[in-house]
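To keep things clear, I will list the structure first and then write my remarks on it.
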Amino acid sequence: EIWTGYRNTLFYTLCGTSINLFMTFTCAYPLSRKDFRGRRFFTALFTFTMFFSGGLIPLYLLVKGLGMHNKIWALLIPNAVSMWNIILTKTYFQSNIPVELYEAGFIDGCSNTRMFFNIVLPLSAPIIAVMSLFYGVAHWNAFFNALIYISNRKLYPLQLLLREILIQ
């Protein structure tokens with residue numbers, strides 16, 4: 001069981017971090033753009049959810065209602081994005097990527113998508129590394145969501161198995 005838990009934890013960490021990075025960067029990029037009309041509204045809306053969440057019981061009912069109970073998605077999807085990390089990434093994009101690069105890209109015919117993938121992401125290696133570490137460590141150490149959402153022992157991460165050993 002230890003090796004299965006270790007494999008599950010590696011899977012949850014790698015897949016969860018990939019999902020987190022994709023969601024964080026695709027959300028932070030538009031919010032960092034000054035020409036995005038609704039950026040203040042969406043930033044306020046997302047920040048509101050950072051301070052006021054529904055709580056544990058509504059989240060459990062949502063996960064169960066979506067059919068993710070006792071599935072790997074219960075550990076990956078509910079925490080797919082962290083608003084704090086979006087704020088950090090947005091601030092990095094605003095302060096470290098010059099506006100002249102955006103202007104030069106648009107003059108050369110880049111769309112926003114191409115600008116993001118060909119200019120912004122290659123220049124964002126430091127924030128990608130930081131966010132990868134933040135999300136990777138969070139997924140590696142997470143056991144509470146598995147304790148709540150997973151009852152199948154084959155899906156247990158290593159942390160739950162180590163918790164059981166410690167309790168025994």
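The values are calculated or read from the model by the stated rules, or taken from the named source; none is laboratory data. Nothing here was measured: the structure is a model prediction, and the numbers come from that model. Neighbour counts run over all protein chains shown; Cβ positions are idealised from the backbone, glycine included. Quick note on the areas: whole protein, heavy atoms, side chains included, nothing else; ligands and nucleic acids left out. Shrake-Rupley method; radii C 1.70, N 1.55, O 1.52, S 1.80 Å.
Axis of helix 158-167 versus longest Cα principal axis of the chain: the two differ by about 40°, to the nearest ten degrees. Listed values for region 26-43 are Karplus-derived 3J(HN,Hα) couplings in whole Hz (6.51 cos²θ - 1.76 cosθ + 1.60, θ = phi - 60°), namely 6, 8, 6, 4, x, 5, 8, 7, 6, 8, 7, 5, x, 5, 5, 4, 5, 5, and x replaces Gly and Pro. For the chain, leaving out every one of the trypsin sites (Lys or Arg not before Pro) that falls in a DSSP loop and has at most 12 other Cβ atoms within 10 Å, the longest unbroken run is 38-168. Between the helical axis of 56-65 and the longest alpha-carbon principal axis of the chain there is an angle of about 90 degrees. Here the accessible area of the chain is 68 percent carbon and sulfur, with a 1.4 angstrom probe and all protein chains present. Accessible surface calculations at 1.4 Å, restricted to protein heavy atoms, place the chain at 62 Å² per residue. Take every Cα pair under 8 Å whose residues are at least 6 apart in sequence, average their separation, divide by the length of region 28-168, and the relative contact order is 31 percent. Using the Karplus relation 6.51 cos²θ - 1.76 cosθ + 1.60 with θ = phi - 60°, the per-residue 3J(HN,Hα) values for region 120-132 come to 6, 4, x, 8, 10, 4, x, 6, 5, 5, 5, 5, 4 Hz, with x marking Gly and Pro.
With respect to the chain, whose longest principal axis is taken over its alpha-carbon atoms, helix 83-96 is tilted by about 30°. Between Thr4 and Phe41, the simple spin-label model (points 7 angstrom out along Cα→Cβ) gives 5.0 nm.
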